[in-house]
């Protein structure tokens, strides 16, 4: 199995990526496991099913009380199609906040690789990644959200497409770098930051002849995409992975 997990409040680009990753690994014959939540989890389950593959949803409640109710149609599609619902809890257990760490641990234990698509600094997806590391399961992350970026800085492999996951499943080393962004402004900004030891927004604006708002927006976009990291004092540096 391959776990594909992430935040409930994911951006569209993250749910699209989760869907495509799950579809790709499902087409290759792997089972996609996730936590059945809205957002990244639901996109992952759907991607596996859309590809004609298998998927398992691990619930934080009893099987007779599947949660969230918004995903009841998805759960029905899983159990009547190609998949299963499983739970570490007995029938009758309601969904409670304290149930989900055990759910996350089971997701990690079932997986050969755990992929975190998008995660804030506090999230169940990071809890799943922690359990995976304790179990010796490789962790991959996309550069979406500060929590996922933190995983990359801590040594997680980079994932941008299903091929990155399949490479690790086949015994290859995780990717630790990406191709440069295909954007002249981004390339200029990264070259400038690589030449220094950290720059503030106003220094970037002065060096490139940009407005402060343009500089701030470009820095924020590159930080979200995992190319740039912010430091104390308002300094920005290139994150080399």
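General remarks:
- Helix axis angle, 212-224 relative to the chain longest principal axis, alpha carbon, degrees: 40
- Within the listed set 54, 74, 17, the Gaussian network model of the chain (springs between alpha-carbon atoms below 10 Å) gives the highest mean-square fluctuation for 74.
- Cα centroid separation - the stretch 57-101 against the stretch 108-142, whole Å: 20
- Counting neighbouring beta carbons within 10 Å and listing from fewest to most, the residues 38, 78 come out as 38, 78.
- P(r) weight above 19 Å for the stretch 2-169, C-alpha pairs, percent: 47
- Coordinate range along principal axes, alpha carbons of the stretch 134-198, Å, largest first: 40, 23, 19
- Cα-based helix-to-principal-axis angle, 12-27 vs the chain, degrees rounded to 10: 50
- Cα long-axis angle, helix 40-50 against the chain (0 to 90 degrees, to the nearest 10): 60
- Ratio of the Cα radius of gyration of the stretch 184-238 to 2.2 N^0.38 Å, where N counts its residues: 0.95
- Per the Debye formula on identical point scatterers at the alpha carbon atoms of the stretch 62-158, with no solvent, log10 I(q)/I(0) at q = 0.21, 0.23 Å⁻¹ is -1.09, -1.16.
Read the figures in this text as sums done on the coordinates, not as results from a lab. Given the structure is predicted, the values throughout are model-derived calculations rather than measurements. Reconstructed Cβ throughout: ideal geometry from the backbone, glycine too, with neighbour counts over all protein chains shown.
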